[in-house]
1. Between W33 and M73, what FRET efficiency follows from the Cβ-Cβ distance if R0 is 30 Å, with the result rounded to 0.05?
2. Can you return the lysines within cross-link range of K121? Criterion is Cα-Cα under 18 Å, with same-chain partners fewer than 8 residues away left out.
3. Quote the accessible area belonging to R138 in square angstrom, nearest 10, computed with a 1.4 Å probe and with ligands, DNA and RNA left uncounted.
4. Using the beta-carbon distance between R105 and E41 and R0 = 25 Å, what value does 1/(1 + (r/R0)^6) give for FRET efficiency, to the nearest 0.05?
5. Across 10 Å bins from the origin, how do the percents of Cα pairs in region 49-120 run, short distances first?
6. Mind grabbing the accessible area of F56 for me, 1.4 Å probe, Å², rounded to tens?
7. Gain in length, E124 to V148, computed as 0.36 nm per residue apart minus the alpha-carbon separation, to one decimal in nm?
8. For region 81-126, rounded, prolate or oblate, judged on the Cα gyration tensor with a ≥ b ≥ c (square roots of eigenvalues), a/c < 1.5 rounded, else prolate if a/b > b/c?
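The values are calculated or read from the model by the stated rules, or taken from the named source; none is laboratory data. Here the structure is a predicted model, which means the values were calculated and not measured. For neighbour counting, all protein chains shown are included, and Cβ atoms are generated from backbone atoms with ideal geometry for every residue, glycine included. What goes into the accessible areas is simple: the full protein's heavy atoms, side chains included, and nothing from ligands, DNA or RNA. Shrake-Rupley method; radii C 1.70, N 1.55, O 1.52, S 1.80 Å.
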Amino acid sequence: MRRPGIVLPDRLLILQNAYYSVISPEGCAAILWKDKNFANEAAEALQLHANKLVAFGVADYSMTTMCGIIGHMGYSNASQVVIDGLGRLEYRGYDSAGLTRVRNRRFMCLTKVAKVGNLVKAIENLGFSGNIGIGHTRWATHGVVSEVNEHPQLTSDGL
């Protein structure tokens, strides 16, 4: 039986080319300008990237990566937000792309060899929705380009 818990690490490692926030750009815009249509301006203002977090003492180390990773948790369809983000991150890896979404406490993972467009075509007819998701583009620095090496990956028990 699994028990919920809280993990308190003694070190925090973060990805070098990522941006971090605890509020969505729309939420920030609604607070600062009382108008969610200023989301692009808010996104620019919220750009807390890895090097700044290390400099502020929030993180211990910034790790380099040869891939693109994006996650979303909110009220909108995570699949669409993540796919849009993967399209922007495709230059970070174009050997394969994948998306895992969570809906009703169930994980669904779909990955495809080659560019993000192949993933988009595969998702179109699946009803691949949910409000939590993570996506990954991969540049095959280790292992061959194949379905076995695509990311994200689930464990044998579906987690």
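1. Working: r = 23 Å, r/R0 = 0.78.
The calculated FRET efficiency here is 0.80.
2. Straight-distance partners of K121: K112.
3. Per-residue accessible area (R138): approximately 20 Å².
4. On the way: r = 36 Å, r/R0 = 1.43.
After rounding to 0.05, the efficiency reads 0.10.
5. 18, 39, 31, 11, 0
6. 140 Å²
7. Numbers: separation 24, 0.36 × 24 = 8.64 nm, distance 2.24 nm.
Stretched out fully, the E124 to V148 stretch lengthens by 6.4 nm.
8. Prolate is the answer for region 81-126, as a/c is 1.5 or above and a/b outweighs b/c.
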